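For reference, the structure is listed below as structure tokens.
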Amino acid sequence: MSLIDKQEAEVLMLNAIHHVAIICSDYNRSKEFYSQVLGLPIIREVWRAERQSWKCDLQVGMAQIELFSFPNPPPRSSQPEARGLRHLAFRVKVLEPIIARLGKFGISVEPIRIDAHTQQRFTFFADPDGLPLELYEDKDEGSTTC
């Protein structure tokens, strides 16, 4: 027996990821990386004077990345298996053109790997603050193979 009934499940349904929030150490450098290097369109950019903070909303398919600046944000642990958000993955049709573009900007990309469960190809690179980003190749972009 389910913990919630069908009617309650319809009300509680989580439909999609709306946004992922990232706090960066150098706002202009990160804004350029996400908007110019990765090509994400800027939806809006707001200076929040009361917090001495920029907020930039970038479009990623049906979701958004919220890019924040704060005065002197503390660094995160760099251990890859630490608790919390492990990485942010972008679904792409083909890896090679994106890897080539990143290379033009001097961004190192790990060797391509194969997901043992889905047989999909993927690779990792990092944003200007070292946040791990993944490119996950899904030729059938409507699939749910993640």
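The values are calculated or read from the model by the stated rules, or taken from the named source; none is laboratory data. Please read these numbers as outputs of a predicted model, since none were measured by experiment. Here the Cβ positions follow ideal geometry from the backbone for every residue, glycine too, while neighbour counts run over all protein chains shown. Areas reflect the complete protein model, heavy atoms only, side chains present, ligands, DNA and RNA absent. Shrake-Rupley method; radii C 1.70, N 1.55, O 1.52, S 1.80 Å.
Odds and ends about this structure:
- Sole exception among (1) touching a strand residue (DSSP E or B) at 6+ places or on another chain (Cβ under 6 Å); (2) farther than 23 Å from residue 16 by Cα; (3) among the β-branched types (Val, Ile, Thr) for residue 99, by number: (1)
- Among the residues examined, residue 113 does not qualify as closer than 16 Å to residue 21 by Cβ, without any contact (Cβ under 8 Å) to a residue 12 or more places away in the chain and among the charged types (D, E, K, R).
- Output for the stretch 114-126, where each listed residue is among the basic types (Lys, Arg) and farther than 15 Å from residue 90 by Cα: none
- Test: residue in the stretch 15-22 that is outside any helix (DSSP H, G or I), touching a residue at least 12 places away in the same chain (Cβ under 8 Å), in contact with a Cys (Cβ under 8 Å, 6 or more places away or on another chain) and not hydroxyl-bearing (Ser, Thr, Tyr): no
- For residue 91: the one exception among (1) in contact with a Gly (Cβ under 8 Å, 6 or more places away or on another chain); (2) surrounded by 14 or more Cβ atoms within 10 Å (Cβ to Cβ); (3) free of Cβ contacts under 8 Å to residues at least 24 places away in the same chain; (4) charged (D, E, K, R): (3)
- Selection status of residue 116, among the hydrophobic types (A, V, I, L, M, F, W, C), under 16 Å from the mean Cα position of the chain (by Cα), open to solvent by 30 Å² or more (accessible area, probe 1.4 Å) and within 21 Å of residue 138 (Cβ to Cβ): no
- Residues in the stretch 10-37 that are at pLDDT below 95 and small (Gly, Ala, Ser) were compared, and the one that is surrounded by the fewest Cβ atoms within 10 Å (Cβ to Cβ) is 16.
- Selected residue (only one of 104, 93 is within 17 Å of residue 29 (Cα to Cα) and of a type in the set (Lys, Arg)): 104
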